[in-house]
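*Asks:* Sharing a structure with you now.
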Amino acid sequence: MNWRSERIWVELITGSRKTSNFCWASILFLGSLGFLLVGTTSYLGRNLISLFPSQEINFFPQGIVMSFYGIAGLFISSYLWSTILWNVGSGYDRFDRKEGIVCIFRWGFPGKNRRIFLRFLVRDIQSIRMEGKGGISPRRVLYMKIRGQGAIPLTRTDDNLTPREIEQKAAELAYFLRVPIEVF
């Protein structure tokens, strides 16, 4: 949900709580549990899973490898679930022409720098920059170029915006902020 008036533009940014992240975290968790269960079954020599008789999988080397993959998958899955729980990457972009201030806020990982808050003056914005890369995995990112600070990304690399959408967004933002557009 975004909100815009004549002088203020607030754009909400979705973080890690996306459907694809939920799916990947669930698939990875269930798959790694399966690998760990097969490895444990081969170590104990008992049929904990009726689909795989324990005599068909030797503990050394197949059971050890499957247990390793199961444990590694559980660590990766717990990392994904943690990012979903903390909603890493979510936040907002607030452009205020009335006050002449741009605020960019994002949630990070827990710790001292959990809250990422950047503040700039509108007059320090040099341009809105579009960067696009075509090919098999296209990447289109929108940046805000700040005098003395470099370029700050406004969109995520995995947003999968079409060229028309990114151009329209860049044009609207550049018009709102009254700055030029650069294309790379």
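The values are calculated or read from the model by the stated rules, or taken from the named source; none is laboratory data. Everything numeric here is computed off the predicted structure, so don't read it as measured data. Note that each Cβ is placed from the backbone with ideal geometry, even for glycine, and that neighbours are counted across all protein chains shown.
*Asks:* Among the numbered criteria (1) exposed (fewer than 15 other Cβ atoms within 10 Å of the Cβ); (2) among the small types (Gly, Ala, Ser); (3) outside the structural domain of Thr162 (by TED's automatic domain parsing), which one does Ser77 miss?
*Replies:* Of (1) exposed (fewer than 15 other Cβ atoms within 10 Å of the Cβ); (2) among the small types (Gly, Ala, Ser); (3) outside the structural domain of Thr162 (by TED's automatic domain parsing), only one is false for Ser77: (1).
*Asks:* When the residues of segment 142-184 are filtered to those that are under 17 Å from Val10 (Cβ atoms) and among the hydroxyl-bearing types (Ser, Thr, Tyr), which remaining residue is modelled with the highest pLDDT?
*Replies:* Tyr175
*Asks:* Looking at segment 60-78, is at least one residue out of contact with any strand residue (DSSP E or B) (no Cβ under 6 Å at 6 or more places or on another chain) and assigned to a loop (DSSP other than H, G, I, E, B)?
*Replies:* Within segment 60-78, none of the residues are out of contact with any strand residue (DSSP E or B) (no Cβ under 6 Å at 6 or more places or on another chain) and assigned to a loop (DSSP other than H, G, I, E, B).
*Asks:* While we're on this one: Among the residues of segment 110-168, which ones are surrounded by 15 or more Cβ atoms within 10 Å (Cβ to Cβ), β-branched (Val, Ile, Thr) and out of contact with any Phe, Trp or Tyr (no Cβ under 8 Å at 6 or more places or on another chain)?
*Replies:* Passing the criteria: Ile125, Val141, Thr155, Ile166.
*Asks:* Hey, another quick one. Show the residue pairs meeting these rules: Cβ distance below 9 Å; 6+ apart or different chains; first residue within segment 12-28 and touching a residue at least 40 places away in the same chain (Cβ under 8 Å) and not assigned by TED's automatic domain parsing to the domain that holds Ile76; second residue exposed (fewer than 13 other Cβ atoms within 10 Å of the Cβ) and of a type outside the set (A, V, I, L, M).
*Replies:* Listed by first residue and then by second, the contacts come to Leu12/Asn2; Leu12/Trp3.
*Asks:* Further, regarding this structure: Restricting to segment 79-103, what's the tally of residues that are among the β-branched types (Val, Ile, Thr) and not in a helix (DSSP H, G or I)?
*Replies:* Final tally of qualifying residues: 3.
*Asks:* Moving on to the next point. Mind listing whichever residues of segment 104-133 are over 20 Å from the mean Cα position of the chain (by Cα) and not polar (S, T, N, Q)?
*Replies:* Lys112, Arg119, Phe120, Leu121, Val122, Arg123, Asp124, Ile125, Ile128, Arg129
*Asks:* Another one. Can you confirm whether Tyr69 is more than 30 Å from Phe95 (Cα to Cα) and modelled with pLDDT of 95 or more?
*Replies:* Yes.
*Asks:* Can you find even one residue in segment 150-172 that is touching a residue at least 24 places away in the same chain (Cβ under 8 Å), touching a strand residue (DSSP E or B) at 6+ places or on another chain (Cβ under 7 Å) and outside any helix (DSSP H, G or I)?
*Replies:* Looking through segment 150-172, at least one residue is touching a residue at least 24 places away in the same chain (Cβ under 8 Å), touching a strand residue (DSSP E or B) at 6+ places or on another chain (Cβ under 7 Å) and outside any helix (DSSP H, G or I).
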